[in-house]
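Encoded as structure tokens, the structure appears first; notes follow it.
The values are calculated or read from the model by the stated rules, or taken from the named source; none is laboratory data. Since the structure is predicted, the reported quantities are computational estimates derived from the model, not experimental observations. Counting neighbours? That spans all protein chains shown, and the Cβs are built from the backbone with ideal geometry, glycine included. For accessibility, only protein heavy atoms count, side chains too; no ligands or nucleic acids. Shrake-Rupley method; radii C 1.70, N 1.55, O 1.52, S 1.80 Å.
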Amino acid sequence: DWTLAPHKSYSVTALVGGDHALIDDHKKAVRVALDAGEKYTQARLRDVEPVTSANWCAALFLHDSARPVGDAAPNPHVHTHAVVFNMTETADKIRSVQSHEWYRVQSYVAAVYHAEMAHSARARGYELEHGRNYSTAIKGYTEDYLDAMSARTEEIEREKAEKGLVGAEADERI
């Protein structure tokens, strides 16, 4: 499950501000990023090195909200889950995937996605600033406003602090 999402400012601009073209930009950026990552797909072969097949099969699920926190309505959160199947086609047959390369290129796929989103946002006239993890943010929102639109993130961070956990793996577990 590869999950691709823009900075919260994009979600707020698209879903609260009404610029739904950013959702189309997100869909396009997801496709471009996944196409870039697909090239690194390898087939698992018995007793020999994996072979690069450069193809995969994935189902895409677009969501527009985060999981709700408590009884509150869910916050806006544009993101796509790409469920990639453990199968790839080689010259002779369908084989299982050697997933090592996928883990190696995750950051690359995220960087391609965020570069595409930044390019599209600039083309639409938005001013951007640096975000985290290769992302850009649309200028004009206060941190307090974006935090208020990120109840799920706040809940995850609070639980990580209580348990003394850090990092993306802790985010996933929580």
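Using R0 = 25 Å, the C-beta based FRET efficiency linking D71 and A161 works out to 0.60. The order of the peptides 85-91, 33-39, 52-58, 159-165 by mean Cβ neighbours within 10 Å, most packed first, is 33-39, 52-58, 85-91, 159-165.
When the accessible area of the stretch 70-174 is split by element with a 1.4 Å probe, what percent falls to carbon and sulfur? Of the solvent-accessible surface of the stretch 70-174, carbon and sulfur hold 49 percent.
Per residue, how much accessible surface does the chain expose to a 1.4 Å probe? Answer in Å², no decimals. Before the final figure, lay out the partial values.
On the way: 10610 Å² over 174 residues.
Heavy-atom accessible area per residue stands at 61 Å².
About its Cα centre, the chain has a charge dipole of approximately 440 debye under the convention of +1 per Lys or Arg Cβ and -1 per Asp or Glu Cβ, with nothing else charged. The distance separating the Cα centre of the stretch 1-64 from that of the stretch 106-124 comes to 11 Å.
Which of K28/K160; K8/K28; K39/K160; K39/K93; K27/K139 have a Cα-Cα distance over 26 Å? It would help to have the intermediate numbers written out before the result.
On the way: K28/K160 33 Å; K8/K28 18 Å; K39/K160 35 Å; K39/K93 18 Å; K27/K139 22 Å.
Where the Cα-Cα span goes over 26 Å, the pairs concerned are K28/K160; K39/K160.
Helical content of the chain, expressed as a calculated mean residue ellipticity at 222 nm, amounts to -12500 deg cm²/dmol (DSSP H runs of 4 or more residues, -39,500 (n - 2.57) each, divided by residue number, nearest 500). Taking the protein heavy atoms of the stretch 2-43 in the context of the full set of protein chains, the accessible area attributed to carbon and sulfur is 49 percent at 1.4 Å. Think of the stretch 48-174 as a dipole: +1 on every Lys or Arg Cβ, -1 on every Asp or Glu Cβ, centred on the Cα centre; then among M87, L146, L128, M87 lies furthest on the positive end.
Comparing G37, Y113, L22 along the charge dipole axis of the chain, the residue lying farthest to the positive side is G37, per the Cβ-charge model. Its Cα centre serving as origin, the stretch 82-154 has a Cβ charge dipole (Lys and Arg +1, Asp and Glu -1) of approximately 260 debye.
For the stretch 1-101, the square roots a ≥ b ≥ c of the C-alpha gyration tensor eigenvalues yield an a/c of 1.5 or more together with a/b exceeding b/c, which makes the shape prolate. Charging the Cβ of each Asp and Glu at -1 and of each Lys and Arg at +1, and nothing else, the dipole of the stretch 1-78 about its Cα centre rounds to 100 debye. Subtracting the Cα-Cα distance of H100 and E143 from their residue separation scaled by 0.36 nm leaves 11.8 nm.
Net charge near A110, counting Lys/Arg +1 and Asp/Glu -1 over other residues with Cβ under 12 Å of its Cβ? Write down the numbers at each step before the final one.
Details: positive: R132; negative: E116.
Neighbourhood net charge equals 0.
When each of the peptides 75-83, 17-25 is scored by how many other beta carbons lie within 10 Å of its residues on average, the order from highest to lowest is 75-83, 17-25.
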